[in-house]
Amino acid sequence: MKKFIIVFCLFISFASHTKDLQVGWELWYPYQYRNSQQELLGLDIEIFNAVFAKAGYTTGLTELPWKRHLHYIKTGEMDVAMGASLSEDRLRYAIFSQPYRKEIVKLYVRKGQADTITIKNLSELTTSKFMLGIESGYYYGEQYHELMKTSQFQEHIVEVVDIEENVTLLLAGHIDGFLVDPATIKAFSSKYQMNGEFEQHPLNIYQAGIHFMFSKKSVSPKVVKNIDQAITDLAASGELDRIINKWSALN
């Protein structure tokens with residue numbers, strides 16, 4: 001009996017320190033990053049903390065590249081991804097929460113060059129000399145997804161790991177522009193004192209909601225339902241708008 005009590009107490013102790021959900025994050029300023037004190041901050045991080053606390057879940061966060069993160073969501077090795085776009089491909093292995101913020105993706109080029117680039121549709125890249133930088137594993141909308149099925153379009157795409165690589169390639173003349181959301185390029189330009197180096201091209205790329213994405217192999221629909229309710233409650237109280245507006249003002 002004594003041994004049983006000891007084992008039971010150890011089990012309770014272990015269980016109390018076990019995180020409900022394993023969550024990945026990737027350096028994506030200003031949405032997910034560490035400051036100089038190594039604190040994990042960002043718009044997505046703050047919304048994530050508010051939503052999952054409201055729903056009553058504890059979480060363990062691990063930094064890992066986005067492409068690997070998607071693989072782990074498929075296999076069930078990770079439970080949750082934040083900052084995710086909904087796509088038909090991802091619906092095969094993931095469940096999505098309702099959106100918790102909006103995302104827009106635009107084409108950025110060197111300052112003073114937007115007027116000289118006459119592309120009016122992504123499909124026109126196939127008959128141009130334009131080279132486009134994109135970040136590996138990211139979703140850029142259904143049109144981009146369909147165009148990437150053709151070798152003619154793929155020949156104009158340069159896939160990199162992050163925005164830093166895209167900026168380096170653009171400044172070196174190896175690409176003519178890259179896809180990114182306005183908040184990210186604004187924060188990046190401010191952080192690295194590169195204001196005035198880039199400008200937005202009028203080409204429409206993609207705009208949609210951003211979600212939490214859950215592995216079908218490791219997370220039950222009930223968990224997602226609880227998260228959706230927390231998002232609804234925080235939106236109704238104005239807390240989501242407060243967080244989004246705060247980070248918009250900072251950047």
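Considering each residue of region 125-147, count those that are exposed (fewer than 14 other Cβ atoms within 10 Å of the Cβ), under 27 Å from the mean Cα position of the chain (by Cα) and modelled with pLDDT of 95 or more, and give that number.
Of region 125-147, the ones exposed (fewer than 14 other Cβ atoms within 10 Å of the Cβ) are 127-129, 136, 142, 146.
Next, from what is left, pick out any that are under 27 Å from the mean Cα position of the chain (by Cα): 136, 142, 146.
Of the ones still in play, those that are also modelled with pLDDT of 95 or more are 146.
Residues in region 125-147 being exposed (fewer than 14 other Cβ atoms within 10 Å of the Cβ), under 27 Å from the mean Cα position of the chain (by Cα) and modelled with pLDDT of 95 or more: 1 in total.
Could you tell me which of the residues Ile157, Ile163 is over 17 Å from Met194 (Cα atoms), touching a helix residue (DSSP H, G or I) at 6+ places or on another chain (Cβ under 9 Å), in contact (Cβ under 8 Å) with a residue 12 or more places away in the chain and not charged (D, E, K, R)? Show your work before the answer.
On the way: Ile163 fails: over 17 Å from Met194 (Cα atoms).
Selected residue: Ile157, the only one of Ile157, Ile163 that is over 17 Å from Met194 (Cα atoms), touching a helix residue (DSSP H, G or I) at 6+ places or on another chain (Cβ under 9 Å), in contact (Cβ under 8 Å) with a residue 12 or more places away in the chain and not charged (D, E, K, R).
Please determine whether any residue of region 149-157 is crowded, with 19+ Cβ neighbours inside 10 Å, touching a Phe, Trp or Tyr at 6+ places or on another chain (Cβ under 9 Å), farther than 28 Å from Gln32 by Cα and hydrophobic (A, V, I, L, M, F, W, C).
no
Name every residue in region 23-67 that is among the charged types (D, E, K, R) and farther than 19 Å from Glu164 by Cα, in order of residue number.
Matches in region 23-67: Glu39, Asp44, Glu46, Lys54.
Here are some residues: Tyr57, Tyr72. Which one is part of a loop (DSSP other than H, G, I, E, B) and surrounded by 17 or more Cβ atoms within 10 Å (Cβ to Cβ)?
Values: Tyr72 fails: part of a loop (DSSP other than H, G, I, E, B).
Within the list Tyr57, Tyr72, the selection yields Tyr57.
Going through Asn245, Asn226, Asn195 one at a time, which residue ends up being under 26 Å from Tyr29 (Cβ atoms), polar (S, T, N, Q), out of contact with any strand residue (DSSP E or B) (no Cβ under 6 Å at 6 or more places or on another chain) and in the same structural domain as Phe52 (by TED's automatic domain parsing)?
Details: Asn226 fails: under 26 Å from Tyr29 (Cβ atoms); Asn195 fails: in the same structural domain as Phe52 (by TED's automatic domain parsing).
Result of the check over Asn245, Asn226, Asn195: Asn245.
It is to be established whether one or more residues within region 164-185 are over 19 Å from the mean Cα position of the chain (by Cα), in a loop (DSSP other than H, G, I, E, B), closer than 26 Å to Gly42 by Cα and in the same structural domain as Asp115 (by TED's automatic domain parsing).
No, that holds for no residue.
Is it the case that region 81-103 has a residue that's among the basic types (Lys, Arg), under 15 Å from the mean Cα position of the chain (by Cα) and assigned to a strand (DSSP E or B)?
yes
Considering each residue of region 84-113, count those that are of a type in the set (Asp, Glu), farther than 30 Å from Asn195 by Cβ and either buried (at least 16 other Cβ atoms within 10 Å of the Cβ) or in contact (Cβ under 8 Å) with a residue 60 or more places away in the chain (or both), and give that number.
Selection size over region 84-113: 0.
Being over 15 Å from the mean Cα position of the chain (by Cα) and without any contact (Cβ under 8 Å) to a residue 24 or more places away in the chain is the filter; apply it to region 41-68 and report the residue that is nearest to Phe188 (Cα to Cα).
Asn49
Could you list, in sequence order, all residues of region 186-243 that are of a type in the set (A, V, I, L, M) and out of contact with any Lys or Arg (no Cβ under 8 Å at 6 or more places or on another chain)?
Residues satisfying the conditions are Ala187, Met194, Val219, Val223, Val224, Ile227, Ile231, Ala235, Ala236, Ile243.
Among the aromatic types (Phe, Trp, Tyr), closer than 16 Å to Ile104 by Cβ, outside any helix (DSSP H, G or I) and not assigned by TED's automatic domain parsing to the domain that holds Leu86: is that true of Tyr140 in this structure?
yes
When you go through (1) crowded, with 19+ Cβ neighbours inside 10 Å; (2) within 15 Å of Ser128 (Cα to Cα) one by one for Val180, which number turns out not to apply?
(2)
Any idea how many residues of region 214-231 are among the hydroxyl-bearing types (Ser, Thr, Tyr) and surrounded by 15 or more Cβ atoms within 10 Å (Cβ to Cβ)?
Qualifying residue count, region 214-231: 2.
To keep it simple, each residue is scored yes or no on (1) at pLDDT 95 or above; (2) of a type in the set (Ser, Thr, Tyr).
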| position | (1), (2) |
| --- | --- |
| His17 | no, no |
| Val23 | yes, no |
| Leu43 | yes, no |
| Thr62 | yes, yes |
| Pro65 | no, no |
| Met82 | yes, no |
| Ser87 | no, yes |
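The values are calculated or read from the model by the stated rules, or taken from the named source; none is laboratory data. All of these numbers come straight from a predicted model, not from anything done at the bench. Don't worry about glycine lacking a Cβ; one is built from the backbone with ideal geometry, like all the others, and counts go over all protein chains shown.
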